Amino acid sequence: MKKIVKLLLVAIFLSGGGPVLADHHWEGVAYQRVPLGANVYAMIAEGGNIAVAIGEDGTFLVDDQFAPLTRKLLWEIEQLGGGTPRFLINTHWHFDHTGGNENLGAAGTLIVAHDNVRQMLSVDNRLSAFNRDIKALTSDGLPVITFSRDTSFHMNGETIRVFHVSNAHTDGDAVVHFQNANVIHAGDVWFNGFYPFIDVEHGGSLAGMLEASNQIIALSDEQTKIIPGHGPVGNLEELVHYRDMLSQVLTEMRTLKSQGKSPQEIISQQPIKSLDQEWGDGFLTAEKWLEIIYNGLEAP
Ligand SMILES: [Zn+2]
């Protein structure tokens, strides 16, 4: 499973832009539907994992992967008894979570996100860690309702609480909690099984990832199903294990940075070597990861 995740992530991040993404392998991409109870499903294909909740008040969607997959996604939702989503939450601005926005906005879906997500999607942008330029979305693809801290949806007998976690994976992350179904979509706060990408260029930080993980843990019990941004659907025990890894790395990195060590010195010292076998098998090697998070640490 991890190998597949790695290949997909590498393919997506290295493919470098819209035109390349537009014409490669989309026809062959298939959705995996994971039923999580109470008409909530995780939908896993390429890009960030999706959550969908279906019921008589309408379809509620969390994230939408890539534009070429929208038709397939809508077909899958139809098979589950749903329709064109009434609401779409973007957990953050990244292109592998918002690629379907323009299609869905044009189809009448109301897009909802943190204030900073709309801001980021409104302008041309760049993700230096992946040497990638990202074009602003047209108005169809922009969130029409934004929030600064949290908001709640009441539909299909469900209470869906959406809340901002600050300076975690980006500066505009939202976590989505289906309270009755006991399902949480963690966005890219959680990469299940491997070192997470942290967008420190746009306000993300390791300390924020740790804090956000703790917030999700506080809402979870043994039965909670937690959808990570990437990787398989997991549970509290697995999230705690990941949180402990983040905590260990943060402590280690703070110590080294406070000693005045440069990123290169830290990398050559291999301070998290003991973790690599378990966590370095995703798409980020320890070297790349340490380099990314170094700048997201507090000043020494
Ligand atoms: Zn992301």
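Taken together, the values in this text are just the output of simple stated rules run on the coordinates, not laboratory data. It should be emphasised that the depicted structure is a prediction, and the values quoted were computed from it without experimental measurement. Quick reminder, even Gly has a Cβ in these numbers, built from the backbone with ideal geometry, and neighbours come from all protein chains shown.
Rounded to the nearest 20 debye, the dipole magnitude of the chain is 200 debye, with +1 charges on Lys and Arg beta carbons, -1 on Asp and Glu beta carbons, and the Cα centre as origin. Across the cross-link table entries K225/K257; K225/K273; K72/K225; K135/K225; K225/K261, which are compared at the Cα atoms, the separations over 32 Å belong to K225/K257; K135/K225; K225/K261.
Quarter the surface of the alpha carbon convex hull of segment 2-245 and you get the mean projected area, 11.4 square nanometres. Length gained on full extension, R132 to W75, computed as 0.36 nm times the residue gap minus the Cα-Cα distance: 17.5 nm.
Considering only L127, L210, L61, the Gaussian network model of the chain with Cα springs below 10 Å gives its largest mean-square fluctuation to L127.
Projecting each Cα onto the charge dipole of the chain (Lys/Arg +1, Asp/Glu -1 at the beta carbon, about the Cα centre), which of G55, H230, I216 comes out farthest on the positive side? The residue sitting most towards the positive pole is H230. Computed about the Cα centre, the dipole magnitude for segment 212-295 is approximately 340 debye when only Lys and Arg (+1) and Asp and Glu (-1) carry charge, each at its Cβ.
Give me S220, S213 sorted ascending by neighbouring Cβ count inside 10 Å, so fewest comes first. All intermediate terms of the calculation are to be shown ahead of the outcome.
Details: S220 20, S213 24.
Ranked by crowding around the Cβ, least crowded first: S220, S213.
Quick check: the angle from helix 206-219's long axis to the longest principal axis of the chain, C-alpha only, nearest 10 degrees? Tilt relative to the chain: about 50 degrees. Against the chain, whose longest principal axis is taken from its Cα atoms, helix 236-258 shows a tilt of about 40°.
Segment 35-87 gives an Rg/Rh value of 0.92, both radii derived from C-alpha positions and Rh following Kirkwood. Computed from label points 7 Å out along Cα-Cβ, the spacing between N214 and V123 is 3.2 nm.
Taking R0 as 30 Å, what FRET efficiency do you get between D244 and A106 from their Cβ-Cβ distance, rounded to the nearest 0.05? Could the numbers behind the result be given before it?
Working: r = 43 Å, r/R0 = 1.45.
The value I calculate is 0.10.
Take the chain, connect every pair of alpha-carbon atoms lying under 10 Å apart with a spring to form a Gaussian network, then pick out the residue of P232, P35, P196 with the largest mean-square fluctuation. Taking springs between Cα atoms under 10 Å, the residue moving most is P35.
Using only alpha-carbon positions, what ratio does the radius of gyration of segment 164-274 give when scaled by 2.2 N^0.38 Å?
Numbers: Rg = 14.7 Å, N = 111, 2.2 N^0.38 = 13.2 Å.
Ratio of Cα Rg to 2.2 N^0.38 Å: 1.11.
Report the net charge of residues surrounding Q264, where surrounding means a beta-carbon distance below 11 angstrom and charges are Lys +1, Arg +1, Asp -1, Glu -1. Present the calculation step by step, with values, prior to reporting the outcome.
Working: positive: K261; negative: E265, E287, E291.
Result for the neighbourhood of Q264: -2.
Between D221 and V34, the FRET efficiency from the beta-carbon distance, with R0 = 22 Å, is close to 0.70.
Computed from Cα atoms, the angle from the helix 2-14 axis to the main principal axis of the chain rounds to 90 degrees. Picking from A38, A53, A207, which is most flexible by a Gaussian network model of the chain using Cα springs under 10 Å? For the chain, modelled as a Gaussian network with Cα springs under 10 Å, the answer is A38.
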